[in-house]
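Down below is the structure, laid out as structure tokens.
The values are calculated or read from the model by the stated rules, or taken from the named source; none is laboratory data. Please read these numbers as outputs of a predicted model, since none were measured by experiment. Cβ placement follows ideal geometry from the backbone for every residue including glycine, while neighbour counts extend to all protein chains displayed.
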Amino acid sequence: MKKILSIIIMCFVIFTFSSCTNESKNITRQTFALDTVINITTNEKDSEKINDAFALLRGYENVFSRTKPESKLYLLNNGQGKLNGDIEKVLSFSLEMSRLTNGAFDVTVAPLVDLWNIKERKTPPTAEEIETARSKTGYEDITLSPFSLGGKAIDMGAVAKGYIADKVAESFKEKDVENAVIDLGGNVVLIGEFNVGIRNPFNPNEVFATITVKDKSAVTSGAYQRYFEYEGKRYHHIIDPRTGYPSESGVASVTVISPSSMQADALSTAIFILGKDSISLCDNFTDTDALIIMENGEVITTENFDKKYELKK
Ligand code: ADP
Ligand code: MG
């Protein structure tokens with residue numbers, strides 16, 4: 001008996017059900033951590049393990065939070081602490097991504113993220129403020145050995161959730177969990193086979209299409225989750241470091257599917273900034289595909305996407 005669970009990716013799980021009869025029910029638990037809504041689903045028999053996963057997530061808040069004064073990242077940004085462990089792995093991957101995208105993905109984007117402060121702001125900053133913040137960014141100044149931030153501050157908002165989702169999946173597999181959905185605010189990792197709904201970026205309560213995915217991660221970046229509007233224009237949370245403004249590439253949403261959630265997370269952000277031609281960035285990673293929905297409604301996929309994932313409307 002094949003069990004397929006349907007979920008909607010991109011921040012909130014709208015519905016969860018098992019489409020076939022099976023001996024054990026699925027349980028979803030929700031919490032708020034890493035500045036986002038977390039939903040974890042497992043078979044009923046594994047549901048106790050969700051508590052362990054939540055504990056793991058809270059531990060990672062003390063590593064990757066940029067605002068918690070006791071976090072490892074906070075300490076590093078303030079010239080304290082050593083570069084090692086999780087932060088070292090994510091930083092070295094982020095620098096690779098920064099190089100691969102010629103700085104469109106830039107792990108030193110922190111001053112611009114702080115200036116735009118999308119959660120609080122009601123009006124855009126001035127061009128002068130943007131230029132000042134932009135001049136404080138630049139991944140090229142970071143060196144790993146010897147370690148130096150070169151006066152820059154790092155922000156792992158575009159990649160840490162993916163890394164953490166991979167870690168939760170690893171810990172589940174070590175505990176012999178065979179079916180799970182780990183959804184960290186739209187960074188989804190699937191253990192087993194599931195129907196995944198991709199949100200319609202023009203009407204986020206609707207499903208644009210559904211695909212069946214097995215043992216992979218699906219991550220969406222879109223401009224419809226964190227933004228403010230001013231004089232009829234939308235200002236969102238994904239910043240183009242080349243201009244200092246929220247990116248305007250004509251992309252409404254990008255969904256990346258990959259065996260690595262960290263890679264999918266970073267790639268979805270990078271493709272969102274660089275636009276449709278950058279879908280070829282997926283070729284740099286194993287078994288990694290993307291689906292882009294453009295603001296004009298055009299849909300673009302990697303060549304193999306259609307072979308691997310049938311789009312069901
Ligand atoms: P979400 O956080 O909604 O899942 P993303 O994975 O696309 O979305 O990451 C957006 C976050 O990444 C921002 O909130 C910010 O912290 C960071 N960020 C914004 N612009 C860039 C950029 N050009 N390069 C790297 N990180 C960025
Ligand atoms: Mg991302």
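(1) under 27 Å from Asn179 (Cα atoms); (2) free of Cβ contacts under 8 Å to residues at least 12 places away in the same chain; (3) of a type outside the set (Lys, Arg): which one isn't true of Asn62, the others all being true?
The single condition Asn62 does not satisfy is (1).
Could you list, in sequence order, all residues of the range 70-105 that are away from ligand 1 (no atom under 16 Å from the Cβ), in a loop (DSSP other than H, G, I, E, B) and crowded, with 16+ Cβ neighbours inside 10 Å?
Matches in the range 70-105: Leu83 only.
Can you name every one of the strands (runs of 3 or more DSSP E) wholly within the range 233-313 that holds 3 or more residues which are more than 16 Å from the chain's Cα centre (by Cα)? Write out each step before concluding.
On the way: elements: 233-236, 251-258, 289-294, 299-301.
By residue number, 233-236, 299-301.
Which residues, taken from the range 115-150, are out of contact with any helix residue (DSSP H, G or I) (no Cβ under 8 Å at 6 or more places or on another chain), charged (D, E, K, R) and not in a loop (DSSP other than H, G, I, E, B)?
Glu128, Glu131, Glu140, Asp141
Does at least one position in the range 144-162 carry a residue that is in contact (Cβ under 8 Å) with a residue 60 or more places away in the chain, more than 16 Å from ligand 2 (Cβ to nearest atom) and loosely packed, with under 12 Cβ neighbours inside 10 Å?
We begin by selecting, within the range 144-162, every residue in contact (Cβ under 8 Å) with a residue 60 or more places away in the chain; these are 144, 147, 149, 153-162.
Next, from what is left, pick out any that are more than 16 Å from ligand 2 (Cβ to nearest atom): 144, 147, 149, 153.
Now drop any that are not loosely packed, with under 12 Cβ neighbours inside 10 Å, which leaves 144.
Within the range 144-162 (the criterion being in contact (Cβ under 8 Å) with a residue 60 or more places away in the chain, more than 16 Å from ligand 2 (Cβ to nearest atom) and loosely packed, with under 12 Cβ neighbours inside 10 Å), the answer is yes, since at least one residue qualifies.
Being within 15 Å of ligand 2 (Cβ to nearest atom) and of a type in the set (A, V, I, L, M, F, W, C) is the filter; apply it to the range 205-245 and report the residue that is modelled with the lowest pLDDT.
Once the filter is applied, the top-ranked residue is Ala223.
Among residues belonging to the range 201-232 that are free of Cβ contacts under 8 Å to residues at least 24 places away in the same chain and assigned to a strand (DSSP E or B), point out the one that is surrounded by the most Cβ atoms within 10 Å (Cβ to Cβ). Talk me through it step by step, then tell me what you get.
Of the range 201-232, the ones free of Cβ contacts under 8 Å to residues at least 24 places away in the same chain are 203, 206, 229, 231-232.
Keeping just the survivors that are assigned to a strand (DSSP E or B) gives 203, 206, 229.
Values: Asn203: 10, Glu206: 12, Glu229: 10.
By that ranking, first place goes to Glu206.
Given (1) of a type outside the set (Phe, Trp, Tyr); (2) out of contact with any helix residue (DSSP H, G or I) (no Cβ under 7 Å at 6 or more places or on another chain); (3) buried (at least 19 other Cβ atoms within 10 Å of the Cβ), where does Leu112 come up short, assuming only one miss?
Every condition holds for Leu112 apart from (2).
Taking into account only those residues within the range 186-195 that are modelled with pLDDT of 90 or more and either over 23 Å from Ala169 (Cα atoms) or within 16 Å of ligand 1 (Cβ to nearest atom) (or both), which is surrounded by the most Cβ atoms within 10 Å (Cβ to Cβ)?
Ranking the candidates gives Asn187 first.
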